[in-house]
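Structure, as structure tokens:
The values are calculated or read from the model by the stated rules, or taken from the named source; none is laboratory data. Computed from a predicted model, the values in this text were never measured in an experiment. Please note: Cβ atoms are built from the backbone with ideal geometry, for glycine as well, and neighbour counts cover all protein chains shown. These accessible areas exclude ligands, DNA and RNA; they are computed on the full protein's heavy atoms, side chains included. Shrake-Rupley method; radii C 1.70, N 1.55, O 1.52, S 1.80 Å.
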Amino acid sequence: MTEQRESQPQQRSWPRRLLNRIEINRAVFYALVNRGWQFLSGPVTMLLIVAFFSSEEQGYYVTFGALIALQTFVEMGMQVVTLYLASHEWHNLELNERGYLTGDASALSRLRSLAALVLKWYAVAGTLFVTAIGIAGYYFFLSQPETDVTWRGPWFCVVGLTALSLMAAPCIALLEGCNQVSVTNRYRAMQGIMGTLVVWGAISNGAGLWTCVAVSAVRLFWELWLIAVRYRRFFATLLKPQPGPQVSWSEEVWPLHWKLAIQAMAAYFTSSFVIPLMFEYQGAAVAGQLGLTWTALMTLQMAAYSWMLTRAPLFGTLVAKNDIAELNRVFRRLFQVSTTVLLIGGILFCLIVFLLQTIRDIDVPTALVALEPIWKLAQKLQQRILPLYPTILLTLAIFPIHIALCVMAYIRPFKQEPFLLLNTVSQLATGLLVWYLGKTYGPVGAGWGFLLIGYLLTVPGFLLVLKRFVARRT
């Protein structure tokens with residue numbers, strides 16, 4: 001009887017069954033902790049920015065981030081290529097109990113050659129970032145009307161620290177390609193929590209734009225800790241020169257990379273481009289309003305996409321095993337869950353903006369007089385974010401972005417990239433329409449620019465690509 005009980009599978013608890021039902025593993029959990037923390041702490045950060053920053057300083061703060069995102073023009077999608085190529089080699093490798101890479105000698109040799117290649121690439125990319133983006137950003141801010149905002153020192157410090165983080169990026173991509181996503185996401189969660197606490201302390205103590213420098217320093221610290229301490233033996237194995245099969249740049253990397261590079265650069269026009277656009281044509285105050293709103297929405301979108309992104313190594317492994325049935329099952333389930341999360345989060349965000357707009361001109365009720373400082377701060381916050389109408393437009397605009405990313409996450413593990421023309425055209429068209437409407441009609445025009453291209457071109461185009469791709473493989 002005892003043996004029979006011991007042989008029966010142990011029933012999982014209901015919380016565990018619930019997590020499995022909504023496709024949450026450790027990697028997704030830590031990714032959601034990070035994104036969830038950003039989303040929950042975001043209102044506190046917004047309130048501190050409203051309380052301690054002028055409207056012009058707020059505009060500079062969010063525009064710093066938008067210009068730093070120009071790193072995509074020097075990184076050019078290599079991180080995605082690294083992740084997927086590493087995931088194919090990981091199929092024949094493992095980490096031993098001491099943290100060293102072991103397994104098939106050919107796969108290990110190919111992974112070493114990939115590491116050497118991408119480390120050289122990112123060393124050049126970091127150098128280009130400092131010289132090109134740093135100088136371009138300096139002259140962009142210099143061309144604006146003179147203000148009391150101190151931006152020169154913080155700008156160059158942020159650029160330097162970001163360049164160092166860029167040079168560390170291939171190491172993180174290699175770890176994620178080797179199925180260490182749960183660990184990297186745990187470190188990102190710690191990085192996000194510590195970064196937010198540093199932001200709160202810096203803003204509260206009058207650091208101004210030096211807050212951006214503090215955040216960049218925290219990010220770099222955790223990345224170096226992960227590489228040099230947590231996975232030092234992993235990289236000691238990986239960086240050890242050894243003869244054997246090599247990853248071919250011309251046959252394996254370049255055919256995928258050049259397509260991703262074009263799309264990565266074009267993607268800037270559907271993400272961060274709108275903020276410096278508002279800064280240039282509508283002023284720092286409007287750029288600050290749009291920047292806070294858009295940052296919150298993109299955090300929500302990336303939180304929902306975490307379900308898909310954290311499965312990238314699994315997708316690569318399933319493709320390597322030719323287990324397409326399981327790949328399709330996992331993808332459909334993840335798409336349903338992530339899109340539902342995005343929908344619920346978008347509705348809640350618009351509801352919050354509606355409530356803030358409702359109390360804008362209302363004096364604090366007598367029964368809540370003790371909360372008058374918070375009430376007044378909430379009213380001030382409403383003035384520093386976009387009104388409800390453009391917020392709804394931008395909320396609807398994140399769904400085409402999400403759908404496109406999910407389709408790409410499914411097809412790219414096959415080492416194929418059928419998105420080049422569609423993705424590039426849709427992103428450039430979005431940037432052009434956002435620029436044309438946004439410079440005249442402000443955030444409302446920009447919102448309509450996102451919507452028109454997103455729902456008339458991006459969504460039907462990507463779904464058609466997915467349908468044709470699946471049909472060819474069945």
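Go through region 126-149 and count every residue that is of a type in the set (S, T, N, Q) and without any contact (Cβ under 8 Å) to a residue 60 or more places away in the chain.
3
With the requirement that a residue be closer than 21 Å to LYS467 by Cβ and open to solvent by less than 10 Å² (accessible area, probe 1.4 Å), what does region 299-356 give you?
MET308, PHE315, LEU327, VAL330, LEU334, SER338
So which of PHE469, PHE450 is among the hydrophobic types (A, V, I, L, M, F, W, C) and under 18 Å from GLY291 (Cβ atoms)?
None of the others qualify; the one that does is PHE450.
Can you tell me which residues in region 398-423 are part of a helix (DSSP H, G or I), touching a residue at least 40 places away in the same chain (Cβ under 8 Å) and open to solvent by 20 Å² or more (accessible area, probe 1.4 Å)?
Answer for region 398-423, where residues must be part of a helix (DSSP H, G or I), touching a residue at least 40 places away in the same chain (Cβ under 8 Å) and open to solvent by 20 Å² or more (accessible area, probe 1.4 Å): PHE399, ILE401, ILE403, LEU405, ARG412, PHE414, LEU420, LEU422.
Would you mind stating whether LEU394 is more than 25 Å from ILE344 (Cβ to Cβ) and at pLDDT 90 or above?
Answer is no for this residue.
Taking region 379-397 on its own, how many of its residues are buried (at least 20 other Cβ atoms within 10 Å of the Cβ) and assigned to a loop (DSSP other than H, G, I, E, B)?
Looking only at that region, the number is 2.
Results for (1) crowded, with 19+ Cβ neighbours inside 10 Å; (2) modelled with pLDDT of 95 or more, shown as yes or no for each residue.
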{"site": "GLN427", "(1), (2)": "yes, no"}
{"site": "LEU432", "(1), (2)": "no, no"}
{"site": "TYR436", "(1), (2)": "no, no"}
{"site": "THR440", "(1), (2)": "no, no"}
{"site": "TYR455", "(1), (2)": "no, yes"}
{"site": "ARG468", "(1), (2)": "no, no"}
{"site": "ALA471", "(1), (2)": "no, no"}
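I need every pair where a residue in region 281-295 that is modelled with pLDDT of 85 or more has its Cβ under 8 Å from the Cβ of a residue that is open to solvent by less than 20 Å² (accessible area, probe 1.4 Å) and among the hydroxyl-bearing types (Ser, Thr, Tyr), sequence separation at least 6 or different chains.
ALA284/TYR60; ALA284/THR63; ALA287/THR63; GLY291/THR63; THR293/THR391
Identify the residue in region 262-274 that is open to solvent by less than 10 Å² (accessible area, probe 1.4 Å) and either among the hydrophobic types (A, V, I, L, M, F, W, C) or not in a helix (DSSP H, G or I) (or both) and, among all such residues, is nearest to LEU437 (Cα to Cα).
That would be VAL274.
Check ASN96 against each of (1) open to solvent by less than 30 Å² (accessible area, probe 1.4 Å); (2) over 30 Å from ALA296 (Cβ atoms) and name the one condition it does not meet.
(1)
Quickly run through region 173-187 and pick out the residues that are over 13 Å from SER87 (Cα atoms) and touching a Ser or Thr at 6+ places or on another chain (Cβ under 7 Å).
Matches in region 173-187: ASN185 only.
Just give me the residues in region 426-474 being among the charged types (D, E, K, R) and in contact (Cβ under 8 Å) with a residue 60 or more places away in the chain, in sequence order.
Within region 426-474, LYS439, ARG473 meet the criteria.
Can you find even one residue in region 151-164 that is touching a residue at least 40 places away in the same chain (Cβ under 8 Å) and over 22 Å from TRP210 (Cβ atoms)?
No, because not a single residue in region 151-164 is touching a residue at least 40 places away in the same chain (Cβ under 8 Å) and over 22 Å from TRP210 (Cβ atoms).
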